[in-house]
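The values are calculated or read from the model by the stated rules, or taken from the named source; none is laboratory data. Owing to the predicted nature of the structure, the values given are computational and were not obtained by experimental measurement. Cβ: placed from backbone, ideal geometry, glycine included. Neighbour counts: every protein chain shown. With ligands, DNA and RNA removed, areas are computed over all heavy atoms of the protein, side chains included. Shrake-Rupley method; radii C 1.70, N 1.55, O 1.52, S 1.80 Å.
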Amino acid sequence: MDAESLYNTLKNIIINKTLIEVSFVPTQGDGEYQPFILMENCLGIPFPIVPKSLEYLKKKFVELRKDKSLNYKEIDYCTKCILLFNGEYITAWNERKNLIQLGYIKPEFDLQFTKLCLTKHPKSSNLWYHRQWILKRYEELINFDKEFEIIEKSINRYATNYFAWNHRIWLLNYMTIQKLIDEFKSTQSSMYKHVSDHAGWNYLLTIFKRIVSIYKEDINNKNKLNELKILWNEHIEFVKKSLKEFPGHETIWYYLRILAGFVYQNKDIIYKNEKEDIISFFEKEITFINNEYLNENNVNILLVEEKFALQYKAWLYSLFENNITKEDYNKLLTEIENYQCMSDDQSLYYLIDIIHRIQVKV
Amino acid sequence: MKVYNISILTNSAPSKLICAEQDLSSFGFFQRGSVQEFINFFSTTAAERTQVGERSKIEQQSYVGYVYSNPNGLAGVVVTDAEYPSRVAFSIINKVLDDFTLKYKKSDWENLDPKKRLDFPELKTYLADFQDPHKADPFMKVQQELDETKVILHKTMDSLLQRGEKLDDLVTKSDMLSSQSKMFYKTSKKTNSCCYLMHIDLFNSVFNR
């Protein structure tokens with residue numbers, strides 16, 4: 001079958017069917033729309049025809065753009081077909097933006113179309129960007145539940161999907177403070193679905209940062225600061241609970257580290273109007289680490305967890321170096337040496353360097 | 001964090017599938033059929049080769065299979081992604097096998113026609129509920145159970161096979177796999193992947209990404 005009739009068949013499918021999913025399949029179909037396979041509104045594009053179709057479509061697209069008569073209808077179909085094959089083709093997306101601005105395509109339609117393309121290209125940044133472009137111009141079309149559903153599906157399709165999480169971060173711009181807090185809590189309770197996904201943890205931190213920056217504007221309001229304090233206490237408890245429930249995930253430890261650093265930078269807001277100050281946070285963390293992870297009587301701790309705990313402890317020491325005594329350093333050094341003897345793992349040498357450096361300062 | 005499959009089989013050789021439930025919503029529409037066939041093929045292969053009383057864990061890239069074979073002649077198989085806590089996966093198997101034994105007597109499944117499955121709707125509820133590991137194990141016990149030290153870990157499916165056995169031959173001989181799925185397996189062999197689960201990964205790379 002030549003490329004032009006392939007294009008016509010595909011065009012025919014797009015016009016007549018409401019597709020819900022698209023993917024590449026290795027074999028050709030022999031149904032009504034051969035060689036394409038159409039089942040329950042899912043479109044299968046056979047591999048062997050991809051190169052020649054794409055080549056033809058790109059040529060056609062260039063010609064259509066040169067053509068002064070501006071055949072919008074044909075441009076619409078041609079870009080759609082290209083984007084089903086390749087979600088990263090930015091010129092085609094831009095041409096569609098143009099058509100939206102001219103009023104030829106309804107923005108709602110392209111929201112639906114990007115949703116379809118995401119089933120094949122869940123990690124395409126241009127695709128997510130096109131969606132944002134539409135939502136930015138037509139804010140009334142933002143429906144959080146719908147967006148979250150699409151994001152969740154893309155993440156399940158392709159784990160550690162930075163682009164999907166990034167879209168979710170972008171949506172935060174349109175949330176009120178109450179909505180932000182709700183979103184923070186609900187993300188927290190469904191975090192178990194993606195424990196090893198750093199992009200997910202980063203999303204959680206981004207919401208928290210937004211919340212803190214909003215409270216910062218009203219820094220003399222005691223009630224509000226109390227709310228923030230409660231939220232923060234709940235959150236740190238949640239992170240520690242996750243550490244224990246899902247042992248062996250380095251991602252959570254890294255998150256805890258970044259979180260501690262963020263809180264340290266914003267101690268004036270989070271620990272304002274309080275009898276206890278940031279030092280009490282530091283002491284609590286050290287006690288937690290010592291009791292749970294660096295306790296010789298606790299035989300159920302994985303060796304790798306001990307390593308993460310040591311790294312976290314050294315990180316806290318470098319943050320709070322003014323509150324550390326010489327004995328503390330020496331104790332940490334012995335702990336690291338013990339760990340290295342136990343595990344035959346030499347990767348913690350860099351920590352010893354860091355500790356020596358702090359010690360010199362003290 | 002995802003549980004793809006819970007199934008109950010006989011641990012005789014050849015093993016028979018008694019009931020199975022799968023959640024393949026994260027796979028594309030056109031993949032699901034083959035993925036399901038491969039999971040069932042894996043379940044029977046693993047159930048036959050796991051010693052009675054033994055727990056084994058078979059890792060392959062981002063997928064993990066858990067098998068426990070009990071003295072009554074039953075085996076439970078759970079397939080999850082790499083994030084799912086292994087202790088919880090084994091406790092799902094225990095729970096499912098216990099409930100199954102309460103519902104059916106040995107005579108009900110011993111001479112079951114290989115083409116037939118027993119009706120066990122609880123499996124569907126379990127599969128939906130246990131997507132959240134907290135529900136499978138409400139306390140999410142901090143301590144790793146001592147049992148887990150007895151788990152035999154296989155880094156690939158090949159190490160599960162007996163001497164002289166080859167996965168290729170098993171795949172070719174299997175009547176659980178459609179010719180389409182076998183063709184996929186052969187193409188994946190060319191790209192130097194040795195295991196069916198890796199094969200599913202290939203599916204992902206081919207279809208989805």
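Scanning the range A:57-79 for residues being crowded, with 16+ Cβ neighbours inside 10 Å and part of a loop (DSSP other than H, G, I, E, B) gives a total of 0.
Looking at the range A:286-319 only, could you name the residues that are charged (D, E, K, R) and open to solvent by 10 Å² or more (accessible area, probe 1.4 Å)? Residues satisfying the conditions are A:GLU292, A:GLU296, A:GLU306, A:LYS307.
Residue check: is A:VAL263 in a helix (DSSP H, G or I), under 25 Å from A:GLU237 (Cβ atoms) and among the β-branched types (Val, Ile, Thr)?
On the way: in a helix (DSSP H, G or I): yes; under 25 Å from A:GLU237 (Cβ atoms): yes; among the β-branched types (Val, Ile, Thr): yes.
Yes; evaluated as a whole, the condition is true for this residue.
The number of residues in the range A:31-56 being more than 14 Å from chain B (Cβ to nearest Cβ) and open to solvent by 70 Å² or more (accessible area, probe 1.4 Å) comes to 5. A:TRP93 fulfils the conditions (1) out of contact with any Ser or Thr (no Cβ under 9 Å at 6 or more places or on another chain); (2) hydrophobic (A, V, I, L, M, F, W, C); (3) part of a helix (DSSP H, G or I) except for a single criterion, (1).
When A:ASN8 is tested against (1) touching a residue at least 12 places away in the same chain (Cβ under 8 Å); (2) more than 14 Å from every other protein chain (Cβ to nearest Cβ), just one condition goes unmet, and that condition is (1).
Please go through the range A:13-30 and pick out each residue that is in a loop (DSSP other than H, G, I, E, B), without any contact (Cβ under 8 Å) to a residue 40 or more places away in the chain and either at the interface with chain B (Cβ under 9 Å from one of its Cβ atoms) or farther than 18 Å from B:GLN180 by Cα (or both).
First pass over the range A:13-30, keeping only residues in a loop (DSSP other than H, G, I, E, B): A:17-20, A:26-30.
Next cut, without any contact (Cβ under 8 Å) to a residue 40 or more places away in the chain only: A:17-18, A:26-30.
Once the filter is applied, which keeps residues that are in a loop (DSSP other than H, G, I, E, B), without any contact (Cβ under 8 Å) to a residue 40 or more places away in the chain and either at the interface with chain B (Cβ under 9 Å from one of its Cβ atoms) or farther than 18 Å from B:GLN180 by Cα (or both), the range A:13-30 yields A:LYS17, A:THR18, A:PRO26, A:THR27.
Being among the small types (Gly, Ala, Ser), at pLDDT below 95 and open to solvent by 20 Å² or more (accessible area, probe 1.4 Å) is a property that A:SER23 lacks.
Suppose we filter A:LEU172, A:LEU204 for residues that are under 27 Å from B:PRO85 (Cα atoms) and at pLDDT 95 or above; which single one remains?
A:LEU204
Please verify whether A:ASN273 is on the phi < 0 side of the Ramachandran plot, at pLDDT below 90, of a type in the set (S, T, N, Q) and part of a loop (DSSP other than H, G, I, E, B), treating the condition exactly as stated. Quick ask: steps written out before the conclusion?
Working: on the phi < 0 side of the Ramachandran plot: no; at pLDDT below 90: yes; of a type in the set (S, T, N, Q): yes; part of a loop (DSSP other than H, G, I, E, B): yes.
Considered against the rule, which asks whether it is on the phi < 0 side of the Ramachandran plot, at pLDDT below 90, of a type in the set (S, T, N, Q) and part of a loop (DSSP other than H, G, I, E, B), A:ASN273 comes out as no.
Going through (1) away from chain A (no Cβ under 11 Å); (2) over 30 Å from B:PHE30 (Cβ atoms); (3) at pLDDT 80 or above one by one, B:ASP147 falls short only on (3).
Would it be correct to say that B:GLY73 is surrounded by fewer than 20 Cβ atoms within 10 Å (Cβ to Cβ), away from every other protein chain (no Cβ under 14 Å) and touching a residue at least 40 places away in the same chain (Cβ under 8 Å)?
Numbers: surrounded by fewer than 20 Cβ atoms within 10 Å (Cβ to Cβ): yes; away from every other protein chain (no Cβ under 14 Å): yes; touching a residue at least 40 places away in the same chain (Cβ under 8 Å): yes.
So B:GLY73 passes the test.
The residue pairs whose first member lies in the range B:44-70 and is within 16 Å of B:CYS19 (Cα to Cα), whose second member is acidic (Asp, Glu) and assigned to a loop (DSSP other than H, G, I, E, B), and whose beta carbons are closer than 9 Å, counting only pairs six or more residues apart or on different chains, are B:VAL67/B:GLU54; B:TYR68/B:GLU54; B:SER69/B:GLU54. Residues that are outside any helix (DSSP H, G or I) and out of contact with any Cys (no Cβ under 8 Å at 6 or more places or on another chain) occur in the range B:98-107; there is at least one.
Hand me the list of strands (runs of 3 or more DSSP E) wholly inside the range B:1-66 holding 3 or more residues that are touching a helix residue (DSSP H, G or I) at 6+ places or on another chain (Cβ under 7 Å), surrounded by 20 or more Cβ atoms within 10 Å (Cβ to Cβ) and modelled with pLDDT of 90 or more. Result: B:3-10, B:17-22. In the range A:239-252 there is no residue matching the filter, namely being touching a residue at least 12 places away in the same chain (Cβ under 8 Å), over 21 Å from A:LEU310 (Cβ atoms), touching a helix residue (DSSP H, G or I) at 6+ places or on another chain (Cβ under 6 Å) and within 14 Å of another protein chain (Cβ to nearest Cβ). Is it true that B:ASP108 is open to solvent by 50 Å² or more (accessible area, probe 1.4 Å) and modelled with pLDDT of 90 or more? It is false that B:ASP108 is open to solvent by 50 Å² or more (accessible area, probe 1.4 Å) and modelled with pLDDT of 90 or more. How many of the residues in the range B:108-138 are within 14 Å of chain A (Cβ to nearest Cβ) and either part of a loop (DSSP other than H, G, I, E, B) or more than 25 Å from A:MET191 (Cα to Cα) (or both)? The number of residues fulfilling the criteria is 5. Looking at A:THR119, A:THR114, just one residue is touching a strand residue (DSSP E or B) at 6+ places or on another chain (Cβ under 6 Å) and either closer than 30 Å to A:THR176 by Cβ or in contact (Cβ under 8 Å) with a residue 60 or more places away in the chain (or both), and that residue is A:THR119. Of the residues making up the range B:67-94, those that are over 14 Å from the mean Cα position of the chain (by Cα), over 23 Å from A:TYR158 (Cβ atoms) and not in a helix (DSSP H, G or I) are B:ASN70, B:PRO71, B:ASN72, B:GLY73. Could you please tell me which pairs satisfy a Cβ distance under 8 Å, a separation of 6+ or placement on different chains, a first residue in the range B:89-116 that is within 22 Å of B:LYS57 (Cβ to Cβ), and a second residue that is polar (S, T, N, Q) and open to solvent by less than 60 Å² (accessible area, probe 1.4 Å)? Correct list of pairs: B:ALA89/B:THR80; B:LEU97/B:ASN70. The one condition from (1) open to solvent by 50 Å² or more (accessible area, probe 1.4 Å); (2) of a type in the set (A, V, I, L, M, F, W, C); (3) more than 32 Å from the chain's Cα centre (by Cα) that A:ILE336 does not meet is (1).
Considering B:PHE120, B:PHE184, which residue is modelled with pLDDT under 70 and either surrounded by fewer than 16 Cβ atoms within 10 Å (Cβ to Cβ) or within 20 Å of B:LEU24 (Cβ to Cβ) (or both)? Before the answer, list the steps.
Working: B:PHE120 fails: modelled with pLDDT under 70.
Going through B:PHE120, B:PHE184 in turn, the sole match is B:PHE184.
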